[in-house]
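Below is one structure; the comments refer to it alone.
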Amino acid sequence: MLEIRNLKASVEEKEILKGINLKINAGEVHAIMGPNGSGKSTLSSVLAGRDGYEVTEGEVDFLQKNLLELSPEDRAREGLFLAFQYPIEIPGVSNINFLKTALNEIRTYKGLEAISAKDFLALVKEKSQLVELDSKLANRSVNEGFSGGEKKRNEIFQLAMLNPKLAILDETDSGLDIDALRIVANGVNKLRSKDRSFIIITHYQRLLDYIVPDFVHVLYNGKIVKSGTKELALELEEKGYDWIKAETV
Amino acid sequence: MTTVAATVKDKILTIFKNASAKSNTAYRKEALEYLQNLEVPHSRMENWKYTRPAFLTKNNYELASEIKNIDISPYLLDATYYHLVFINGLYSEKESVLPAVAKDILLVELKNSDNFFNKNFFTTLNAAYFTAGLNIHIPSGIKLDKPLQIIHLSTHNYIANVHHVITVEKNAKAEILITTHSLSENAFLNIFTEIECKENATLTAHLLQLEESESSQYNYINCRQEQNSVFTINTFSLGKSWIRNDLDIVINGSHCEANLYGAYLPQNNQHIDNHTLVKHLKPHSVSNELYKGVLTHRSTGVFNGKVLVEKNAQKTNAYQSNSNILLSNDATVYSKPELEIYADDVKCSHGSTTGQIDEEALFYLQSRGISKDSAMRLLVQAFVADVTKSLSNQTVKTYVEEYVSDRFMNGYAQ
């Protein structure tokens, strides 16, 4: 599904990613952990195509396509989804109008007809229940006046609506209380399938109690320095990142 | 300097004279005399710093002749509305559909005793070379059952000096749309509208500037409000015309409400200038003002909004805001909100912002599969919707929203 080879990227001429290698197969859930400033969010931004990141070396293949050559919208249309760490508030653009536009542009890209109003509303109803998102929120402006938890649930709701092949959750657990965390994680678990992969970026092991990963990678100083199974996350929780730092020096 | 200014003025006067029907009324004579004391607006005048009308001397205007057999249906916002049609400044009774209170809608007769000049070069020119206008009188207690659209269509390189007087009497209520259209790049519409809202009157006015070609328009509206009256004016500049709007509101009563909303979307080399003045003379009144601009290409926008609160106008609430999005590096906005307060117990605020489209919001939308062009359109629509959401007239609301949607359907031009 996704293969990252020796990916190097800079922000304002400062190298942040220093050679990432990662292969993700369909249906797998990979957790990427690491201390602050290790490059986790840079990796998600580079994959989603955010401006201001310069890829200096390496390749990313996504479903046999060169991901780095695609515009952000085409990456999404090909099946990539980024759940933002800090979802943006967009006053005046209704959640519904926004999602309908997104869904239909993705459908047009795939050569499908626009979704009917009836089917769309049924889909909204079904998917909003997945993350227990109040249907009233769907009619409000995108994220405007949403609580931290509602914003994160709205990200997972969008994920469910757009039905991507690969979803990157960028610190989706940050700012969530334990109840909201459980709701978000339940939503994600229901969306797991043999065709859909996840990259879960997080600081803490906590989220991984709910969304159990197949693989755990530790990102440190722009490189993946350790990979393992879910036990690695527990070990990190116990020993802290200093253990990794000490090993890599 | 004096000779140069005099030359421009002489040229303008000659052009207006040649483009206007002959008349020897005392009123014209008085206006012409009054013009002697007035300067052609120029950039050294604070109110005209960014807007230059000297282009009037460069265009080739002709003496208007009556144009018949024009299909006005494309200009009707809603065919069921009453409508009053002016073609090149001349009233077309044949094309107009008047309300039952029509006996009170009469052609304006300018009289010497009325001093409409107001030290304003264009309104004085309007008086001197007056083409036509209507006296619209909504009698006391009457609530007009349907909106009334006043259509101004320019078909040729003519100058139209139109002067309307709208009076909404005590306890009366009306909704009036003033729309301007032009098929000629060389037309000049000089339109002066005087409004009076008497005690407890409600008037909603929509000014829709929809010129299909790059003509020019000077528009002066003044409104005098008496107590408990509500005056709302929504100004949407969606056409291609050079525009200067002067809007003066005098709140001369307590418990009045004045709402001024506007949106302007200039394109290419277009220039749109909105000057507004709200004078609070009496206590316990409210004014709300919100103008938004979206500018593309090499266009220019000017917003100058002044709120004046006189000493007696205690407990005034006055809010004013102007914000702009520049979609091109070559577009320019001059925004100047002004507050002048002489009372000591008031709530007033004003603000102005000018910026570009929010890149973070753009990326967020793109990351969901929405093209950059569509994302831009959604964001511009949302920006303008802040103004249109206050519209209770769904026809006007839909018209403006669809205009924005169509205009930015394929993204935007630099």
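The values are calculated or read from the model by the stated rules, or taken from the named source; none is laboratory data. As the structure is a computational prediction, the values presented were derived from the model and not from experiment. A quick note on method: Cβ atoms are made from the backbone with ideal geometry, for glycine too, and the neighbour counts reach across all protein chains shown.
Can you tell which of B:204, B:235 is within 22 Å of residue B:398 (Cβ to Cβ), among the hydroxyl-bearing types (Ser, Thr, Tyr), modelled with pLDDT of 95 or more and in contact with an Asp or Glu (Cβ under 9 Å, 6 or more places away or on another chain)? So that I can check it myself, show each step before the final result.
Numbers: B:235 fails: in contact with an Asp or Glu (Cβ under 9 Å, 6 or more places away or on another chain).
Only one candidate qualifies: B:204.
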- Subset of segment B:223-238, residues within 15 Å of residue B:261 (Cα to Cα) and either of a type in the set (S, T, N, Q) or in contact with a Pro (Cβ under 9 Å, 6 or more places away or on another chain) (or both), comes to B:232, B:234, B:235, B:237
- State all residues of segment A:68-85 that are in a helix (DSSP H, G or I), closer than 18 Å to residue A:169 by Cα and touching a strand residue (DSSP E or B) at 6+ places or on another chain (Cβ under 7 Å); if no residue qualifies, say none. A:78
- Task: Write out, first by first residue and then by second, each pair whose Cβ atoms fall under 6 Å of each other, whose residues are 6+ apart or on separate chains, and whose first residue, in segment A:73-86, is more than 7 Å from every other protein chain (Cβ to nearest Cβ) while the second is among the β-branched types (Val, Ile, Thr).
- Result: A:83/A:172
- Message: Quick check on my filter: what residues within segment A:88-131 are charged (D, E, K, R), at the interface with chain B (Cβ under 10 Å from one of its Cβ atoms) and not in a loop (DSSP other than H, G, I, E, B)?
- Response: A:105, A:107
- Query: If you go through segment A:206-222 one residue at a time, do you hit one that is part of a strand (DSSP E or B), out of contact with any helix residue (DSSP H, G or I) (no Cβ under 7 Å at 6 or more places or on another chain) and of a type outside the set (A, V, I, L, M, F, W, C)?
  - Reply: yes
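Report yes if residue A:215 is of a type outside the set (S, T, N, Q), surrounded by fewer than 23 Cβ atoms within 10 Å (Cβ to Cβ) and within 14 Å of chain B (Cβ to nearest Cβ), otherwise no. First the steps, then the outcome.
On the way: of a type outside the set (S, T, N, Q): yes; surrounded by fewer than 23 Cβ atoms within 10 Å (Cβ to Cβ): yes; within 14 Å of chain B (Cβ to nearest Cβ): no.
No, not satisfied.
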- Query: Counting just the residues of segment A:160-189 that are within 14 Å of another protein chain (Cβ to nearest Cβ) and assigned to a helix (DSSP H, G or I), which one comes out surrounded by the fewest Cβ atoms within 10 Å (Cβ to Cβ)?
  - Reply: A:162
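State the number of residues belonging to segment A:26-41 that are within 12 Å of the chain's Cα centre (by Cα) and either away from every other protein chain (no Cβ under 14 Å) or surrounded by 21 or more Cβ atoms within 10 Å (Cβ to Cβ) (or both).
First pass over segment A:26-41, keeping only residues within 12 Å of the chain's Cα centre (by Cα): A:29-32, A:40-41.
With the extra rule that they be either away from every other protein chain (no Cβ under 14 Å) or surrounded by 21 or more Cβ atoms within 10 Å (Cβ to Cβ) (or both), the set shrinks to A:29-32, A:40.
Here the count works out to 5.
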- Message: Which of the numbered conditions does residue B:374 fail, given that it passes all the others? Conditions: (1) over 22 Å from residue A:91 (Cβ atoms); (2) surrounded by 18 or more Cβ atoms within 10 Å (Cβ to Cβ); (3) not aliphatic (A, V, I, L, M).
- Response: (1)
- Message: Just to check your reading of the model, which residue among B:78, B:71, B:114 is modelled with pLDDT under 85, assigned by TED's automatic domain parsing to the domain that holds residue B:215 and not in a strand (DSSP E or B)?
- Response: B:114
- Looking at B:152, B:163, which is the one that is at pLDDT 95 or above and either in a strand (DSSP E or B) or under 18 Å from the mean Cα position of the chain (by Cα) (or both)? B:152
- Within segment A:42-67, can you find the residues that are in a loop (DSSP other than H, G, I, E, B) and either under 16 Å from residue A:159 (Cα atoms) or within 11 Å of another protein chain (Cβ to nearest Cβ) (or both)? A:49, A:50, A:51, A:52
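So which strands (runs of 3 or more DSSP E) stay within segment B:302-414 end to end and still have 1 or more residues that are in contact with a strand residue (DSSP E or B) (Cβ under 7 Å, 6 or more places away or on another chain) and within 14 Å of another protein chain (Cβ to nearest Cβ)?
Values: elements: B:317-326, B:332-341, B:347-355.
Once the strands (runs of 3 or more DSSP E) in segment B:302-414 are filtered for at least 1 residues that are in contact with a strand residue (DSSP E or B) (Cβ under 7 Å, 6 or more places away or on another chain) and within 14 Å of another protein chain (Cβ to nearest Cβ), what remains is B:317-326, B:347-355.
If I filter segment B:252-267 for residues that are assigned to a strand (DSSP E or B), farther than 24 Å from residue B:389 by Cβ and either in contact with a helix residue (DSSP H, G or I) (Cβ under 9 Å, 6 or more places away or on another chain) or modelled with pLDDT of 95 or more (or both), do I get at least one hit? Steps first, please.
Pass one, segment B:252-267, residues assigned to a strand (DSSP E or B): B:257-264.
Next, from what is left, pick out any that are farther than 24 Å from residue B:389 by Cβ: none.
Scanning segment B:252-267 turns up no residue that is assigned to a strand (DSSP E or B), farther than 24 Å from residue B:389 by Cβ and either in contact with a helix residue (DSSP H, G or I) (Cβ under 9 Å, 6 or more places away or on another chain) or modelled with pLDDT of 95 or more (or both).
Inspect segment A:49-58 for any residue being out of contact with any Asp or Glu (no Cβ under 6 Å at 6 or more places or on another chain), of a type in the set (Val, Ile, Thr) and under 30 Å from residue A:231 (Cβ atoms) and give the result as yes or no.
Taking segment A:49-58 first, the residues out of contact with any Asp or Glu (no Cβ under 6 Å at 6 or more places or on another chain) are A:49-58.
Those left that are additionally of a type in the set (Val, Ile, Thr): A:55-56.
Filter once more, so that each one left must be under 30 Å from residue A:231 (Cβ atoms): none.
Within segment A:49-58 (the criterion being out of contact with any Asp or Glu (no Cβ under 6 Å at 6 or more places or on another chain), of a type in the set (Val, Ile, Thr) and under 30 Å from residue A:231 (Cβ atoms)), the answer is no, since none of the residues qualifies.
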- Note on the structure: Scanning segment A:1-24 residue by residue, the ones that are surrounded by fewer than 19 Cβ atoms within 10 Å (Cβ to Cβ) and under 13 Å from residue A:217 (Cβ atoms) total 2
- Hey, residue A:157 hits all of (1) in contact with a helix residue (DSSP H, G or I) (Cβ under 6 Å, 6 or more places away or on another chain); (2) assigned to a helix (DSSP H, G or I); (3) away from chain B (no Cβ under 14 Å); (4) of a type in the set (A, V, I, L, M, F, W, C) but one; which does it fall short on? (3)
- Among residues belonging to segment A:132-144 that are in contact (Cβ under 8 Å) with a residue 24 or more places away in the chain and part of a loop (DSSP other than H, G, I, E, B), point out the one that is farthest from the other protein chains (Cβ to nearest Cβ). A:132
